[in-house]
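Everything below concerns the one structure shown next.
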Amino acid sequence: MKRVVEGCPPCAWFRRSLVVRGGCDYLARMAIREILEVPDPRLKTVSKPVELFDERLKALAADMFETMYAASGIGLAAVQVGEPIRLLVIDLQPEDPDAEPEECDHGGHHHTHQPTRREPRVFVNPEILDPAAELNTYQEGCLSVPEIYADVDRPKACRVRWQDLDGKVHDEVMEGIMATCIQHEMDHLEGILFIDHLSRLKRNMALKKLEKMRKAA
């Protein structure tokens, strides 16, 4: 999943200015992978459950974080890098209130940004339980549908059960943007993209816009 930096689209790079918090040893070994983009048919693959919790799984998660951060994303599913297993990584990268504001100057507009911090989370074999009846609407984007954004309605809260990289089971109620992000990423595990939630007209318009941008690049 990708989110626009509010108030300053030209500074999307700022999402990469981060402070690492907490110990995640598996993040020490990273490589940037290619992100599949529409209309790649592999994105429609239904991902298989993870059964083996080994070093290869940890290495894949590390690569996914590196790939996600490099693309200014906040969530990534393994299938998006060509590995159709039920593995997600998410980092909402909230603002760090303890950090000094950083100056930014582009197009003659001088301003400051509050640095963000990294809070990486890994979800293996996630399941959504008890989704709320009430919906939230967020403007969503996706690293597999670059530079396309659209409003999507999803349950505003949901209970999620998943395993970590060691196979330990966790259970948590998620709300707000975290609930939206986990649902967006879990859609990928079923071969669903966020544009699949749009009307046929809006989806076709989004794909034509993407094709036009690719031709202009």
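Residues being of a type in the set (A, V, I, L, M) and at pLDDT below 60: count how many of those fall in segment 17-47.
We begin by selecting, within segment 17-47, every residue of a type in the set (A, V, I, L, M); these are 18-20, 27-28, 30-32, 35-36, 38, 43, 46.
The next check asks that each one be at pLDDT below 60; those that pass are 18-20, 27-28.
Summing the residues that are of a type in the set (A, V, I, L, M) and at pLDDT below 60 in segment 17-47 gives 5.
Within segment 92-146, restricting attention to residues that are among the acidic types (D, E) and surrounded by 15 or more Cβ atoms within 10 Å (Cβ to Cβ), which residue is modelled with the highest pLDDT? Lay out the reasoning, then the answer.
So the first thing to find is which residues in segment 92-146 are among the acidic types (D, E), and the list is 95-96, 98, 100, 102-103, 105, 119, 127, 130, 134, 140.
Okay, now just the ones that are also surrounded by 15 or more Cβ atoms within 10 Å (Cβ to Cβ), so 96, 119, 140.
Values: D96: 80, E119: 92, E140: 97.
Restricting to residues being among the acidic types (D, E) and surrounded by 15 or more Cβ atoms within 10 Å (Cβ to Cβ), the top hit is E140.
Can you name every residue in segment 72-97 that is within 15 Å of K58 (Cα to Cα) and touching a residue at least 60 places away in the same chain (Cβ under 8 Å)?
Within segment 72-97, L76, A77, R86, L88, I90 qualify.
Answer yes or no as to whether A132 is assigned to a strand (DSSP E or B) and among the hydrophobic types (A, V, I, L, M, F, W, C).
Details: assigned to a strand (DSSP E or B): no; among the hydrophobic types (A, V, I, L, M, F, W, C): yes.
No; evaluated as a whole, the condition is false for this residue.
Against the condition of a type in the set (A, V, I, L, M), in a helix (DSSP H, G or I), over 23 Å from V124 (Cα atoms) and touching a residue at least 24 places away in the same chain (Cβ under 8 Å), how does A206 come out, does it pass? Walk me through it before giving the result.
On the way: of a type in the set (A, V, I, L, M): yes; in a helix (DSSP H, G or I): yes; over 23 Å from V124 (Cα atoms): yes; touching a residue at least 24 places away in the same chain (Cβ under 8 Å): yes.
Here the answer is yes, as A206 does meet what is asked.
Sort out which residues of segment 186-201 are in a helix (DSSP H, G or I), of a type outside the set (D, E) and exposed (fewer than 13 other Cβ atoms within 10 Å of the Cβ), and write them in order of number.
The first filter runs over segment 186-201 and keeps only residues in a helix (DSSP H, G or I), leaving 186-189, 194-197, 200-201.
Filter once more, so that each one left must be of a type outside the set (D, E): 186, 188-189, 194-195, 197, 200-201.
Selection gives R200, L201.
Considering only residues of segment 172-196 that are in contact with a helix residue (DSSP H, G or I) (Cβ under 8 Å, 6 or more places away or on another chain) and not charged (D, E, K, R), which is farthest from A78 (Cα to Cα)? Talk me through it step by step, then tell me what you get.
Residues of segment 172-196 in contact with a helix residue (DSSP H, G or I) (Cβ under 8 Å, 6 or more places away or on another chain): 174, 184, 187-189, 191, 193-196.
From what is left, the residues that are not charged (D, E, K, R) are 174, 184, 188-189, 191, 193-195.
Values: M174: 21, H184: 13, H188: 9, L189: 8, G191: 12, L193: 14, F194: 16, I195: 19 Å.
If we take residues in segment 172-196 being in contact with a helix residue (DSSP H, G or I) (Cβ under 8 Å, 6 or more places away or on another chain) and not charged (D, E, K, R), then M174 is farthest from A78 (Cα to Cα).
Would you confirm, using the coordinates I've provided, whether V169 is surrounded by 21 or more Cβ atoms within 10 Å (Cβ to Cβ), closer than 18 Å to A61 by Cα and out of contact with any helix residue (DSSP H, G or I) (no Cβ under 7 Å at 6 or more places or on another chain)? Talk me through it step by step, then tell me what you get.
Values: surrounded by 21 or more Cβ atoms within 10 Å (Cβ to Cβ): no; closer than 18 Å to A61 by Cα: yes; out of contact with any helix residue (DSSP H, G or I) (no Cβ under 7 Å at 6 or more places or on another chain): yes.
So V169 fails the test.
The values are calculated or read from the model by the stated rules, or taken from the named source; none is laboratory data. As the structure is a computational prediction, the values presented were derived from the model and not from experiment. With ideal geometry, Cβ positions are generated from the backbone for all residues, glycine too; neighbour counts draw on all protein chains shown.
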